[in-house]
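S.K.: Dropping the structure in here first, questions after.
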């Protein structure tokens, strides 16, 4: 079945189509949410909210991009909303120790350092970097999700890598 027919089934509130949408995209949406939120419970809640929103708002889907791009956009926006809310409720709070469930045990400490560094990036750089590194999206796909030009995404990624390099070098110098 092509995507246009699938979207029509979703718009008609076909339960089987919605179940297929969730099954197809739940892991990628969760990875996006956990990459940004870095708390498993929040990421699970956010993932559910993404699909509830998609179900309620499918009639608003303009089909200018693929359905996956639309879901990523919802996931990113919802995750950022939760981060902003968390920051308003606990301004200046220390970031919790985070271990991504997909990281092998022997690499957890290195991953935790990297995730802490990623959290220090400005919001747009963090989103672009996460989508590229964790979701393996191309710059074109990231541009569609973030509603930016490809050259803007390229600049965000370059700045993110440069900033991460500085943060990690500083960390390594302190921990020699």
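S.K.: Report yes if some residue within the stretch 101-112 is buried (at least 18 other Cβ atoms within 10 Å of the Cβ) and either modelled with pLDDT under 90 or on the phi < 0 side of the Ramachandran plot (or both); otherwise report no.
M.R.: Here is the first cut: in the stretch 101-112, the ones buried (at least 18 other Cβ atoms within 10 Å of the Cβ) are none.
Checking the stretch 101-112: not a single residue is buried (at least 18 other Cβ atoms within 10 Å of the Cβ) and either modelled with pLDDT under 90 or on the phi < 0 side of the Ramachandran plot (or both).
S.K.: Collect the residues in the stretch 58-82 that are within 17 Å of residue 3 (Cβ to Cβ), in a helix (DSSP H, G or I) and without any contact (Cβ under 8 Å) to a residue 12 or more places away in the chain, keeping them in residue-number order.
M.R.: The answer is 60, and nothing else.
S.K.: Further, regarding this structure: In this structure, does residue 165 turn out to be without any contact (Cβ under 8 Å) to a residue 12 or more places away in the chain and either under 17 Å from the mean Cα position of the chain (by Cα) or in a helix (DSSP H, G or I) (or both)?
M.R.: Numbers: without any contact (Cβ under 8 Å) to a residue 12 or more places away in the chain: yes; either under 17 Å from the mean Cα position of the chain (by Cα) or in a helix (DSSP H, G or I) (or both): yes.
In short, yes.
S.K.: Now for a separate question. Could we say that residue 131 is in a loop (DSSP other than H, G, I, E, B) and either touching a residue at least 12 places away in the same chain (Cβ under 8 Å) or over 16 Å from residue 36 (Cα atoms) (or both) here? Show your work before the answer.
M.R.: Working: in a loop (DSSP other than H, G, I, E, B): no; either touching a residue at least 12 places away in the same chain (Cβ under 8 Å) or over 16 Å from residue 36 (Cα atoms) (or both): yes.
Considered against the rule, which asks whether it is in a loop (DSSP other than H, G, I, E, B) and either touching a residue at least 12 places away in the same chain (Cβ under 8 Å) or over 16 Å from residue 36 (Cα atoms) (or both), residue 131 comes out as no.
S.K.: Based on this model, can you work out whether residue 128 counts as at pLDDT 95 or above, under 12 Å from residue 76 (Cα atoms) and outside the structural domain of residue 64 (by TED's automatic domain parsing)? Steps first, answer last, please.
M.R.: Numbers: at pLDDT 95 or above: yes; under 12 Å from residue 76 (Cα atoms): yes; outside the structural domain of residue 64 (by TED's automatic domain parsing): yes.
Yes, satisfied.
The values are calculated or read from the model by the stated rules, or taken from the named source; none is laboratory data. Remember, predicted model here, so these are calculated numbers, not experimental data. For neighbour counting, all protein chains shown are included, and Cβ atoms are generated from backbone atoms with ideal geometry for every residue, glycine included.
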